[in-house]
Amino acid sequence: MMRALLMAWAGVGTEGIPIPYSPRMDDGITVILLCCFFLSAYVLSRSRKFLLQLVKDFLLHRERTSIFATSTAADMRYLLLLVVQTCILAGVCLFNCFNDLQPTLVHHVWPEYLLALYIGICLLYLCLKWLLYSFLGWIFFDESTTTLWLESYSTLLYYLGFALFPFALFIVYFDLNLQLTIIIGLFLVFLAKMLMLYKWLKLFCNNLYGSSLLILYFCALEIMPCLVLYQGMLHLNDYLIIKF
């Protein structure tokens, strides 16, 4: 009799409340951030002087031989890894922000697939921007000026990756609120765009009229694509929620 009562009592219970998904509990994101940390440490130990030379050339606007001619094959491999790291960290940051904006998204699509999708979008965006810069430079400017701009743009990408790493750590593991995350993210984007504008003025502007026209082109090529990318990702998330 007692055994029957115990079995009946054990069979009656309440359903547990599932723990909501959190990026800081995702082992995949932890592995990605660890790999980025070791990659940054490895590249800095091997090419620290070269990276410092790049930022000096960027800020001082030195006319020099192309880094593609003066750097070694190992340096170029390291720099390519840094560009990929920037896209990966940007994907992690976007994943965390959209998880806060649309928390139901991870219930429709596996987080691993969603993170891979965001990283792929960042890589595609970067490739399209690179092709656009190369095409416009081929039409309007000489090869040396276009090469200098592409090198300067690459330098910004390398250092943006270093800046995104602590930012990704904070938003993932310190659970920053969405408003503060957006403020810091917009500040990083604003800083990068201002450095781009500085380099544009140094490379492509010779007079006041040219600077006014250049700012219009800058808004069309740098500001509008960011807004289009953001809106496109919002629509993509809505599509994934509806279809899956």
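Label-to-label distance, LEU240 versus MET194, with points set 7 angstrom from Cα along the beta-carbon direction: 3.3 nm.
Between the listed residues VAL172, VAL106, ILE184, the Cα displaced farthest toward the positive end of the dipole of the stretch 25-243, a dipole computed from Cβ unit charges relative to the Cα centre, is found at ILE184.
State whether the stretch 168-227 is rounded, prolate or oblate according to the following rule on the C-alpha gyration tensor (a ≥ b ≥ c being the square roots of its eigenvalues): a/c under 1.5 gives rounded; otherwise a/b larger than b/c gives prolate, and the remaining case gives oblate. It is prolate, given that a/c is not under 1.5 and a/b is the larger ratio. At an R0 of 22 angstrom, the distance between the Cβ atoms of CYS226 and TYR173 translates into a FRET efficiency of 0.25.
Taking only pairs that are 8 or more places apart or on different chains, how many Lys pairs in the stretch 25-243 have Cα atoms under 17 angstrom apart? Close lysine pairs under the 17 Å cut-off: 5.
No value in this document is a laboratory result; all are computed from the given coordinates. Small disclaimer: the values here were computed from a predicted structure and weren't measured. Quick reminder, even Gly has a Cβ in these numbers, built from the backbone with ideal geometry, and neighbours come from all protein chains shown.
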